[in-house]
1. Output yes when any residue across the stretch 59-71 is of a type in the set (V, I, T), free of Cβ contacts under 8 Å to residues at least 60 places away in the same chain and either surrounded by 13 or more Cβ atoms within 10 Å (Cβ to Cβ) or part of a helix (DSSP H, G or I) (or both), and no when none is.
2. Going by the structure shown, is D161 at pLDDT below 95 and assigned to a loop (DSSP other than H, G, I, E, B)?
3. In the list L80, L84, L47, which residue meets the criterion of being in a strand (DSSP E or B), surrounded by 18 or more Cβ atoms within 10 Å (Cβ to Cβ) and at pLDDT 95 or above?
4. Name, by its number, the condition in (1) under 16 Å from G20 (Cβ atoms); (2) small (G, A, S); (3) in contact with a strand residue (DSSP E or B) (Cβ under 9 Å, 6 or more places away or on another chain) that does not hold for G133.
5. Any residue in the stretch 93-119 that's in a strand (DSSP E or B): show its pairings with residues that are of a type in the set (S, T, N, Q) at Cβ separation under 6 Å, as long as the two are six or more apart or on different chains.
6. Could you check the stretch 132-150 and list, in sequence order, the residues that are within 11 Å of the chain's Cα centre (by Cα) and either surrounded by 21 or more Cβ atoms within 10 Å (Cβ to Cβ) or assigned to a strand (DSSP E or B) (or both)?
7. Within the stretch 36-62, how many residues turn out to be over 18 Å from L209 (Cα atoms), more than 16 Å from the chain's Cα centre (by Cα) and not hydroxyl-bearing (S, T, Y)?
8. Mind telling me which of the residues Y113, Y106 ends up being in contact with a helix residue (DSSP H, G or I) (Cβ under 6 Å, 6 or more places away or on another chain) and surrounded by fewer than 17 Cβ atoms within 10 Å (Cβ to Cβ)?
Amino acid sequence: MMTANEIKSTALELGADICGIAPVGRFSSAPKGFHPNDIYSDCRSVLVFAKKLPTESLFASSCIPYTYINRVITEEVDQLTLTLSRKLEHLAVKNVPVPSDDPSEYWEADRSYARGILSLRHAGQLAGLGVLGKSTLLINDRLGNMIQLGALLLNLKLEGDPIAAYETCKEDCQLCIRSCPQSALDGTTVNQQACRALSNYRNERGFVLKKCWECRTVCPNHSGIMRIKE
């Protein structure tokens with residue numbers, strides 16, 4: 001049977017920048033229907049991993065570079081998820097892959113509210129990959145909020161990584177909340193309907209563009225807590 005370290009090493013070798021493991025017992029507060037065992041009844045641990053987005057795209061005057069990297073990095077993480085799933089299956093580790101973004105089933109049309117089958121941000125926090133900021137983005141100490149997450153549900157009971165305890169958002173910091181042009185943030189949640197107007201903007205040619213990423217940019221820790229301090 002593979003160990004937690006062997007599985008994480010495999011993820012890193014295949015291209016993950018960071019990874020961690022959360023025992024399924026840590027998901028006790030997951031909403032009904034969105035617990036790992038609701039997706040895969042044999043799940044005993046959740047492997048969460050991420051790849052880093054290029055930071056300077058935040059400062060481009062055009063929205064095209066940021067739109068482009070979001071699309072491509074999501075595809076890269078999905079490809080990593082599939083490759084890792086196949087590799088672990090070959091090594092006799094049963095697993096179920098979780099998409100990095102779409103598709104999803106849950107949708108409330110009246111408020112444009114979607115929910116993936118598993119909250120990857122919360123899974124990442126439970127796997128020790130970071131702390132949820134007031135922007136609702138997961139902030140890693142080395143890579144900041146510039147990460148795209150993926151996950152596999154494993155049928156192995158594995159030792160979990162320590163949950164991150166470092167400080168991200170200062171108590172009095174309101175930068176992301178005040179800078180949001182849609183007033184979509186309250187420090188705990190995001191109003192998806194307000195956010196989508198710019199984060200999923202469809203232009204006249206039919207392209208879906210990311211027209212706003214202010215919550216990433218203004219965060220003092222967007223490039224990593226340790227790097228900012230240095």
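1. Of all residues in the stretch 59-71, those of a type in the set (V, I, T) come to 64, 67, 69.
Restricting the remaining residues to those that are free of Cβ contacts under 8 Å to residues at least 60 places away in the same chain gives 69.
Within this subset, residues satisfying the condition of being either surrounded by 13 or more Cβ atoms within 10 Å (Cβ to Cβ) or part of a helix (DSSP H, G or I) (or both) are 69.
Yes, because at least one residue in the stretch 59-71 is of a type in the set (V, I, T), free of Cβ contacts under 8 Å to residues at least 60 places away in the same chain and either surrounded by 13 or more Cβ atoms within 10 Å (Cβ to Cβ) or part of a helix (DSSP H, G or I) (or both).
2. So D161 does not fit the description; no.
3. Numbers: L80 fails: in a strand (DSSP E or B); L84 fails: in a strand (DSSP E or B).
Going through L80, L84, L47 in turn, just one is in a strand (DSSP E or B), surrounded by 18 or more Cβ atoms within 10 Å (Cβ to Cβ) and at pLDDT 95 or above: L47.
4. Going through (1) under 16 Å from G20 (Cβ atoms); (2) small (G, A, S); (3) in contact with a strand residue (DSSP E or B) (Cβ under 9 Å, 6 or more places away or on another chain) one by one, G133 breaks only (1).
5. N95/S85; P97/T81; P97/S85; Y113/Q192; A114/S104
6. Residues of the stretch 132-150 within 11 Å of the chain's Cα centre (by Cα): 132, 136-140, 145-150.
Once the filter is applied, which keeps residues that are within 11 Å of the chain's Cα centre (by Cα) and either surrounded by 21 or more Cβ atoms within 10 Å (Cβ to Cβ) or assigned to a strand (DSSP E or B) (or both), the stretch 132-150 yields L132, L137, L138, I139, N140, N145, M146, I147, Q148, L149, G150.
7. Adding up the residues that qualify gives 6.
8. On the way: Y106 fails: in contact with a helix residue (DSSP H, G or I) (Cβ under 6 Å, 6 or more places away or on another chain).
It is Y113.
The values are calculated or read from the model by the stated rules, or taken from the named source; none is laboratory data. This is a predicted model, so every value here is computed, not measured. Cβ atoms come from the backbone with ideal geometry, glycine included; neighbour counts cover every protein chain shown.
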